[in-house]
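Engineer: Input: one structure, supplied below.
The values are calculated or read from the model by the stated rules, or taken from the named source; none is laboratory data. Values in this document were obtained by computation on a predicted structure and should not be read as measured data. Heads up, the Cβs are rebuilt from the backbone with ideal geometry, glycines too, and the neighbour counts pull from every protein chain shown.
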Amino acid sequence: MQQFAVVVRELRTLLASFKFVKLIQPYHLHILLGGLGIQFLYKILLNNVTTLNGFNTLDTIFNDIPLYLIAYYGFFVGAWLTLISRDVKILSYALWGYAFVILFPFEHLRLFDLVHAAIYVAAGYGIFRYLTTTQGRNDSQNLNA
């Protein structure tokens, strides 16, 4: 975990050198959880809409206006920003939530879906374990960014 703490510290230094990152850093949780929420909302609506007109509306909102794509990439931007912030403890829960969104309707599960979700569960567990070590606690407490 000491190597991961060094990587996080250097990543924080690198990303903090960009003005754009400093500009959006205060909104990292909004970006992270907003992207996760929009993806979850899309899956809920996709499972509950039954009419052709409803599907056309969903297609317009999430595909023509690329709201789903913005939410998808927004989640990962928010994850990187959360990794370099004080609130890194929320990242593990967000990764577990993303694994839930991947599997959401819990129907027609394929091996790809299970492996995809398992990767995010393992990454969330790794972040959670990193935060329980002394390096992780010291790194998040001594954060100056």
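Engineer: Under 6 Å by Cβ, and 6 or more places apart or on different chains, what pairs join a residue from the range 56-74 that is over 24 Å from A94 (Cβ atoms) with one that is in a helix (DSSP H, G or I)?
Structural biologist: L58/L45
Engineer: If the requirement is being loosely packed, with under 13 Cβ neighbours inside 10 Å and at pLDDT below 90, which of these qualifies: T50, T60?
Structural biologist: T50
Engineer: Counting only residues that are without any contact (Cβ under 8 Å) to a residue 24 or more places away in the chain and assigned to a helix (DSSP H, G or I), how many does the range 101-110 have?
Structural biologist: Counting residues in the range 101-110 that are without any contact (Cβ under 8 Å) to a residue 24 or more places away in the chain and assigned to a helix (DSSP H, G or I) gives 2.
Engineer: Which residues, taken from the range 38-50, are without any contact (Cβ under 8 Å) to a residue 40 or more places away in the chain, in a helix (DSSP H, G or I) and touching a helix residue (DSSP H, G or I) at 6+ places or on another chain (Cβ under 8 Å)?
Structural biologist: I38, Y42, L45, L46
Engineer: Does the range 82-93 include one or more residues that are more than 26 Å from I127 (Cα to Cα) and in contact (Cβ under 8 Å) with a residue 60 or more places away in the chain?
Structural biologist: No, every residue in the range 82-93 fails to be more than 26 Å from I127 (Cα to Cα) and in contact (Cβ under 8 Å) with a residue 60 or more places away in the chain.
Engineer: Quick one: is D113 in contact (Cβ under 8 Å) with a residue 60 or more places away in the chain, surrounded by 13 or more Cβ atoms within 10 Å (Cβ to Cβ), outside any loop (DSSP other than H, G, I, E, B) and among the acidic types (D, E)?
Structural biologist: no
Engineer: When you look at G74, is it surrounded by 15 or more Cβ atoms within 10 Å (Cβ to Cβ), modelled with pLDDT of 95 or more and part of a helix (DSSP H, G or I), yes or no?
Structural biologist: Taking the combined requirement at face value, the residue satisfies it.
Engineer: Would you say K22 is without any contact (Cβ under 8 Å) to a residue 60 or more places away in the chain, in a helix (DSSP H, G or I) and of a type in the set (K, R)?
Structural biologist: Yes: the conditions hold for K22.
Engineer: In the range 1-23, what count of residues is obtained for those that are touching a helix residue (DSSP H, G or I) at 6+ places or on another chain (Cβ under 7 Å) and over 22 Å from A123 (Cβ atoms)?
Structural biologist: 2
Engineer: A further question follows. Among the candidates Y42, Y130, which residue alone is farther than 23 Å from Q3 by Cα, crowded, with 17+ Cβ neighbours inside 10 Å and among the aromatic types (F, W, Y)?
Structural biologist: One residue alone meets the criteria, Y42.
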